[in-house]
Amino acid sequence: MAVRKVIISMFEYLLDLLLCLLDVLLIFELMNRSYGKIPARRSLLYGIMIGLTFLCVSWYHYTGEYVNPFFDLAVYLCLLGFYPSSFKKKLLFSIALITFTLLLSGYYSGPLREAALYHLPLQLIFLLINLIVFVLFSEFTKFYSRSWENALLQQQVAYQKRRYKDLEAANKEVRELRHEMKNHLKTAAYLYKQGSQSELADYLQETLDRLTDIDQVITTGHLEIDALLNIKLRELEETGASCSADILIPSDLALPFTDMVVILGNLFDNAGEACETLPAAQRHVSFTMRYTEGCLWINMKNPYDVFSTVTKKQDRLSHGLGLKNIEKTVQKYNGTLAYSAQDHIFSVDLILYIGEPRGMA
């Protein structure tokens, strides 16, 4: 009988230890998905928490004092300070966990022996609850990610449609000019023979302006970037702003369209919003985009009246979430982001380490 009790006690101890370790690992994973991964000494912290789990379970089996659900709460509170700052998420999660813990702790006011009898079933319940929370959170994350990707895909289709319409309009104008070229040449020759130099100059300038309007369409060879930039430049023009663009990139630049929308879309949207409150004479935006040796450098400068990083647009999903969303995208490429606001000029500089173009990779 004594040997049997020892075996049963050892089995309960190992099972309890396994369940607690699984519970701690689930808490780790849930917090990683909620707040992001611990930035430094992650392995050391994991080892310490696993060691504390071993000590707590051993203490319970040695003294008979029940440690759960306060054990889960203690693990959570110990880990909380090591995660990246996210006050709203931490506050919401903490309130839910503390409330749940205090609610369950009310069931342990009875004798110690009675609490011990319920220990293993309750431990399984805690593990099951954490599993359910983990699965629900994972599904919610997937749903949000799919919604975001679908929105970006719809935006890509809309940009491409607008790009094709712009190209169709430009091609139509080129065909019209080609059709009329004979008449233009005849008119120019007649004005020259008549010695009407002033009229000839005005006529040629008018024709040149029409050709210049067509030449202003950006063509880098990268269809997605061309579509996005031309649409954003046209939107700027509709607000009465002008833009000087200096772009030198390969046609097979390895940058996903979703990241282009976040970075370029937000930069141009913010610049357009800032220009809307300014006099027409001050509405000028400068944009530079250059690629060299695996690095993509982007610079945007625009004037502003009152500096603000909060968008005034109603459709925030379409227009992005401003500088914070740009920062997240830049971090994906281990890049750098810097911005300044001086003398009513807002400047954004960012570098992305995207590697070689697709054709050279």
- Query: Of the residues in the range 222-255, how many are closer than 15 Å to ASP269 by Cβ and charged (D, E, K, R)?
  - Reply: 5
- Taking HIS179 as meeting all but one of (1) within 23 Å of MET300 (Cβ to Cβ); (2) loosely packed, with under 13 Cβ neighbours inside 10 Å; (3) at pLDDT below 70, write down the number of the exception. (1)
- Message: For the range 20-59, give me each residue that is aromatic (Phe, Trp, Tyr) and modelled with pLDDT under 70.
- Response: TYR35
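Residue-by-condition table, conditions (1) among the charged types (D, E, K, R); (2) part of a helix (DSSP H, G or I); (3) at pLDDT below 75; (4) not assigned by TED's automatic domain parsing to the domain that holds ASP259:
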site	(1), (2), (3), (4)
LEU191	no, yes, yes, yes
SER198	no, yes, no, yes
THR207	no, yes, yes, yes
ARG210	yes, yes, yes, yes
ASN230	no, yes, no, no
GLU235	yes, yes, no, no
GLY240	no, no, no, no
- In the range 256-278, which residue that is surrounded by fewer than 21 Cβ atoms within 10 Å (Cβ to Cβ) and out of contact with any helix residue (DSSP H, G or I) (no Cβ under 8 Å at 6 or more places or on another chain) is farthest from ARG146 (Cα to Cα)? LEU278
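The values are calculated or read from the model by the stated rules, or taken from the named source; none is laboratory data. Computed from a predicted model, the values in this text were never measured in an experiment. Don't worry about glycine lacking a Cβ; one is built from the backbone with ideal geometry, like all the others, and counts go over all protein chains shown.
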